[in-house]
Amino acid sequence: MDTEVNQKKLLDKVKKYINNNSSCPFSDLSSYMFLGIWDHSPGWSMIKLLEKGWIFLPKFFFIFLKSFLATGFFKKYYLTGNAHINSKYKTLVLSWSFKQNFEKDGSFNDRYLKENSKNHKEILWVLVSIDNFTPKNLKDNILFINKKNNGLFFYIVFLIKNFFSKLRLSKFSIKKLFHILPNQSLQAEKLQEIILNNIDIKNFSNILIPYEGQPFQNLLISKIKKISKNIKTIGYVHAMLPSFPSNYIYRKGSPDILLVHGVSQKEILKNDLEWPDHKLKEIESLRYREELTYDLSNKIFVPFGLFEEQIILKKFSFFLNNSADNSLPIFEILNHPTKNTSIKHINFIKKLNNILKKNEKKFNKNSNKKMSVCFGWTAAIIEAMERDIDIVHICSDIVLESFNSEMWKNFNIKKIDDYIYIYNLKTLGSYIKFGTKKNLLKESLEDIQ
């Protein structure tokens, strides 16, 4: 109960902070208005400052300094592709790409929309590379944004140049400078520049973004609405709302329409995150389809953000030690797909394997249990439950990562201790309405018109 009360109080503080700063001219560019919980970003540090007060100030300023110094490593964006930008494209999709998303024929498989670009000649895909891979050939309806490496001299020069540029932009206001100096704000500024300077945005009827409330998304949406109010900006909650969904609070730069794939997610957005009802549209999931090509049961999911490892490892050992012999299924460890080369994640997985070996007698290879283990925050928690799998959730941050029954009304929650919970759903289909239709993206866009 104390955790639920603390979560509600903190969310109220965060909403008040967002509302108090919404009139700031750079609120859509601000790194401190993107309040995500899955990484130790400036926005995360603001949440923790609101939670813990002045005692958190040393770490708060450390993260600020680290983020500012990271601007010197900025890699210049450049745009490639064969697309002819004209009125034949009705919709622009701004998404992310990895090497494995491209086919040999130059087409692109969007992992968030579950569509191949060659099947949508009316859509222009603008892709931001995550792994810096540039395909040799691209279909005509793809533009690609990648980054160029720079040397040490550029680092020093650019760091100083960016500081004075932001100082002028903020009109020498320390408060405004604080909001726009970190690396995420620089990324937002440069991404919207390369898009709007190279694409005549007025030609498009719709802009669709797998939406997370990131600064570059909100800034681009704000700029587009200044160019033409007739362009419909559409966000899609491509994964799940986080356990503490502060990055989805409605604010400046939010899209005209937000697509969600579950009635319970829609209720949270409306009742807890201040989204107007007419801006929310429930659809079948584009990303999560009814046909399943992978098995989510009997897995251990390692999250993107890996924090407080010692707490996680200690509590995982505690859970196994207190489980009966032969009571658990054999688990397979799955790393986050964007962290397969992360040394931190690789070493963490080695430690997990050691714990599993020490507790071999707890596992039964003939077990029929459908159970998976999740650490921290990962969208796999809800998808697995919607596939009728029980979840053992081990938190590293109780307030930000644990789910409470007040907001997540369709959860059955069993508390093992302050850091360990077991979840399942009261009713399947509440958080994910799995996609069943073949032309789901096209149909969803047509329904908005």
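The values are calculated or read from the model by the stated rules, or taken from the named source; none is laboratory data. What you see is a predicted model, and the numbers here were worked out from it, not measured in a lab. With ideal geometry, Cβ positions are generated from the backbone for all residues, glycine too; neighbour counts draw on all protein chains shown. Accessible surface is based on the protein model in full, side chains and every heavy atom, while ligands, DNA and RNA are left aside. Shrake-Rupley method; radii C 1.70, N 1.55, O 1.52, S 1.80 Å.
Quick notes on this one:
- Of the candidates K190, K136, K175, the single residue that is at pLDDT 90 or above and among the basic types (K, R) is K190.
- Evaluation of L208 against the conditions (1) open to solvent by 10 Å² or more (accessible area, probe 1.4 Å); (2) more than 28 Å from L400 (Cβ to Cβ) shows that the sole unmet condition is (1).
- All of S67, S27 fail the test of being open to solvent by less than 70 Å² (accessible area, probe 1.4 Å), in contact (Cβ under 8 Å) with a residue 12 or more places away in the chain and in a helix (DSSP H, G or I), apart from S67.
- Some residue of segment 312-326 being open to solvent by less than 30 Å² (accessible area, probe 1.4 Å), among the aliphatic types (A, V, I, L, M) and not in a helix (DSSP H, G or I): no
- Checking P135 against (1) in contact with a strand residue (DSSP E or B) (Cβ under 6 Å, 6 or more places away or on another chain); (2) in a helix (DSSP H, G or I), the condition it does not meet: (2)
- Picking from residues in segment 252-261 that are of a type outside the set (A, V, I, L, M) and over 17 Å from the mean Cα position of the chain (by Cα), the one that is surrounded by the most Cβ atoms within 10 Å (Cβ to Cβ) is K252.
- From V128, V93, residue being modelled with pLDDT of 95 or more and surrounded by 13 or more Cβ atoms within 10 Å (Cβ to Cβ): V93
- Summed over segment 215-250, residues that are at pLDDT 95 or above, open to solvent by 20 Å² or more (accessible area, probe 1.4 Å) and part of a loop (DSSP other than H, G, I, E, B) total 1.
- Residue identified as closer than 28 Å to D131 by Cα and assigned to a helix (DSSP H, G or I) among I355, I300, I333, I346: I346
- Inter-residue pairs, beta-carbon under 6 Å, first more than 13 Å from N298 (Cα to Cα) and in segment 310-338, second of a type outside the set (S, T, Y) and open to solvent by 60 Å² or more (accessible area, probe 1.4 Å), 6+ apart: L313/K351; D325/K361; H336/F304
- Restricting segment 45-59 to residues that are of a type in the set (A, V, I, L, M, F, W, C) and in contact with a helix residue (DSSP H, G or I) (Cβ under 8 Å, 6 or more places away or on another chain), the residue that is farthest from D2 (Cα to Cα): L57
- Here G53 clears all of (1) touching a residue at least 12 places away in the same chain (Cβ under 8 Å); (2) open to solvent by less than 30 Å² (accessible area, probe 1.4 Å) except the condition numbered (1).
- Boolean, S372 is of a type in the set (G, A, S) and either closer than 30 Å to N116 by Cα or not in a strand (DSSP E or B) (or both): no
- Test: residue in segment 356-366 that is within 21 Å of S430 (Cα to Cα) and not basic (K, R): no
- Among residues of segment 404-425, those that are hydroxyl-bearing (S, T, Y) and assigned to a strand (DSSP E or B), counted: 2
- Residue match in segment 328-340 (condition: of a type in the set (S, T, Y), open to solvent by 20 Å² or more (accessible area, probe 1.4 Å) and within 26 Å of S41 (Cα to Cα)): yes
- For segment 410-436, taking the residues that are exposed (fewer than 14 other Cβ atoms within 10 Å of the Cβ) and in contact (Cβ under 8 Å) with a residue 12 or more places away in the chain, the one that is nearest to F304 (Cα to Cα) is identified as D418.
- Looking only at segment 144-180, residues that are open to solvent by 10 Å² or more (accessible area, probe 1.4 Å) and not in a helix (DSSP H, G or I) come to 8 in all.
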